[in-house]
Structure formats: structure tokens, C-alpha cells
Amino acid sequence: MKTGSPLVRAYLLGHSLELVLKTYLLTTGYGEKEIRKLGHNLSRILAASKSAGVEKLVRISPEMEKDLAEFSTVYASEGLRYFSILFLLAPPRLPDLRRLFRLARTLDKQVTKHVRAA
């Protein structure tokens, strides 16, 4: 992926994680209202996904979950989505995103298989 800005990459990563996990939840019986209540909080979305059995498809290590929780704070603020000029002066502190990029790739593959099988 060559998007240039680390903040753009971070936003796109968060958005992809949010969408793939919400897609998984929809296949397990979550309704639109339940999905909306989760908002953009990746930690909350992951917790709901784990309760719904996502770990049958993908192993989520404690380190990965910690990275996601740390990243979720920045992502849920929507400062990445609606670019805050303050981020130019003081960029948000982001965890090492390599694990989360791997998680996003693996989730994409496994949830796609899951959806096709459903």
C-alpha cells in the first residue's frame, strides 16, 4: 500500500478493520441497530466479534488486542477521518501498526470465506 501519509494509512487501516469486523457481526445475527451502537470504537467492535466467535476464524493475540485498543482511541476520535490540523503540529501517538495490518489482511481473507460459506 502506497498512500504516502502515515495518518492516511492509519485511517484506512482502522476503517478496514471496522468494516470487516462489522461484516462478520452481521453474518452472525447482529442487526443494524446493534452494529450502530458499537460506533467506531474498534475495541468494542472486536469484543463483540470475539463474543460472536471470530476467534474460530482468526487468532487474536493479547499483543494484537493491546495494539488495537491503543489505536482505537485515536481512530474513534475521528481526527484521522476528518483530518485535524492539530495532527500536523502534534501527530497522534500510534502503536506499531504492522500487527494490525496483518490482522486486517487475515480478517479480510477469513471473513470473506466465512461470508461466502454462509
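So the values come out like this:
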item	result
Residue check for ARG9: more than 25 Å from ASP96 (Cβ to Cβ), among the charged types (D, E, K, R) and in a helix (DSSP H, G or I)	no
Lone qualifier among LEU21, LEU7 - being in contact with a helix residue (DSSP H, G or I) (Cβ under 8 Å, 6 or more places away or on another chain) and modelled with pLDDT under 95	LEU7
Candidate set: region 23-70, residues that are without any contact (Cβ under 8 Å) to a residue 60 or more places away in the chain and among the hydroxyl-bearing types (Ser, Thr, Tyr); chosen: the one nearest to THR106 (Cα to Cα)	SER61
Qualifying residues in region 71-118 (those that are small (Gly, Ala, Ser), touching a Leu at 6+ places or on another chain (Cβ under 8 Å) and part of a helix (DSSP H, G or I)) - the one modelled with the highest pLDDT	ALA104
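The values are calculated or read from the model by the stated rules, or taken from the named source; none is laboratory data. Everything quoted here is computed from the prediction, not taken from an experiment. No Cβ is skipped: glycine too gets one built from the backbone with ideal geometry, and neighbour counts run over all protein chains shown.
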